[in-house]
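The values are calculated or read from the model by the stated rules, or taken from the named source; none is laboratory data. Everything numeric in this text was worked out from a predicted model, so none of it was measured. Note that we place each Cβ from the backbone using ideal geometry, even for glycine, and neighbour counts take in every protein chain shown.
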Amino acid sequence: MKAISIVNPKGGSGKSTIATNLAGYFAQRSPAVLLGDIDLQQSCKRWLDSRPETLPSIETWRIGADGVARPPKGVTHAILDTPAGLSGKALEKVVKVSSRIIVPVHASPFDLWASKRFLDALAEVRRVAGGKAQVALVGMRVDPRTLASIQLRQFLAQQGFRVLTTIRPAQLYPRVAAQGATVFDLPESSAARELQDWKPLLDWVDQPWGH
């Protein structure tokens with residue numbers, strides 16, 4: 001099973017937007033994709049419960065008789081949405097189970113300060129430092145034509161990790177989320193700009209693992 005974790009210790013950074021839409025992308029291509037929380041609290045379950053049966057299915061943790069949460073058998077990809085405040089041993093636990101890590105970063109000064117501290121800590125985790133867990137950054141809710149976008153990209157480029165793309169703000173994301181859907185469940189013509197933003201990220205996750 002290939003695990004991709006979406007991490008940032010600050011709430012409101014866009015983790016759930018990345019996690020749900022990435023799960024929707026893989027669900028179009030695989031019959032066994034899991035979306036869940038690394039802390040096993042199933043906070044993604046409400047979104048999954050609202051997902052129409054007519055859309056490609058997305059699995060979540062199965063709670064066994066022993067009370068332990070496990071992925072269903074046959075899952076090929078696991079998209080893990082992590083809680084706010086992630087640090088220390090909890091961060092190491094996330095890295096331990098992940099081959100790829102995506103860090104969404106918002107352009108506000110408060111988010112950048114928090115992200116800087118977090119990225120410094122992430123770089124020191126053994127699996128990241130040794131290259132066993134690959135990390136990439138994504139700018140969130142910034143129009144690429146603005147000064148804020150330029151400043152965000154400059155900040156991200158200084159962090160020592162790959163910068164993939166910027167996801168522009170769009171009302172389409174909350175609208176489809178309210179329906180248990182993703183931009184990948186829509187006709188391509190209905191989400192052309194959003195899909196363009198996502199392409200570099202998808203190219204990265206689709207690379208052979210180990211690259």
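If you go through the range 157-183 one residue at a time, how many are assigned to a helix (DSSP H, G or I) and either more than 19 Å from I102 (Cβ to Cβ) or touching a residue at least 60 places away in the same chain (Cβ under 8 Å) (or both)? I'd like the intermediate steps shown before the answer.
Kept after step one, since they are assigned to a helix (DSSP H, G or I), are these residues of the range 157-183: 157, 172-177, 183.
From what's left, either more than 19 Å from I102 (Cβ to Cβ) or touching a residue at least 60 places away in the same chain (Cβ under 8 Å) (or both): 172-177, 183.
The total comes to 7.
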Tally, over the range 184-209, of residues that are closer than 15 Å to A23 by Cα and assigned to a loop (DSSP other than H, G, I, E, B):
1
Going through the range 159-181 one residue at a time, which ones are polar (S, T, N, Q) and crowded, with 17+ Cβ neighbours inside 10 Å?
Q159, T165, T166
Which condition breaks for K116 when tested against (1) at pLDDT 90 or above; (2) within 27 Å of W209 (Cα to Cα)?
(1)
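Yes/no per residue for (1) under 22 Å from T20 (Cβ atoms); (2) hydrophobic (A, V, I, L, M, F, W, C); (3) touching a Cys at 6+ places or on another chain (Cβ under 9 Å); (4) touching a residue at least 60 places away in the same chain (Cβ under 8 Å):
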| residue | (1), (2), (3), (4) |
| --- | --- |
| G88 | no, no, no, no |
| V97 | yes, yes, no, yes |
| L112 | no, yes, no, no |
| F118 | yes, yes, no, yes |
| V125 | no, yes, no, no |
| R145 | no, no, no, no |
| I150 | no, yes, no, no |
Taking the range 184-211, which residues are surrounded by 15 or more Cβ atoms within 10 Å (Cβ to Cβ) and within 19 Å of S99 (Cα to Cα)?
P200, L201, L202, W204, V205
Within the range 1-26, count every residue that is on the phi > 0 side of the Ramachandran plot and either at pLDDT 95 or above or of a type in the set (S, T, Y) (or both).
0
Subset of the range 3-41, residues in contact (Cβ under 8 Å) with a residue 12 or more places away in the chain and surrounded by fewer than 16 Cβ atoms within 10 Å (Cβ to Cβ), comes to G11, G12, Q28, S30, P31, L40, Q41
Search result, residues across the range 84-124 that are part of a strand (DSSP E or B) and either in contact with a Ser or Thr (Cβ under 6 Å, 6 or more places away or on another chain) or surrounded by 21 or more Cβ atoms within 10 Å (Cβ to Cβ) (or both):
I101, I102, V103, P104, V105, H106
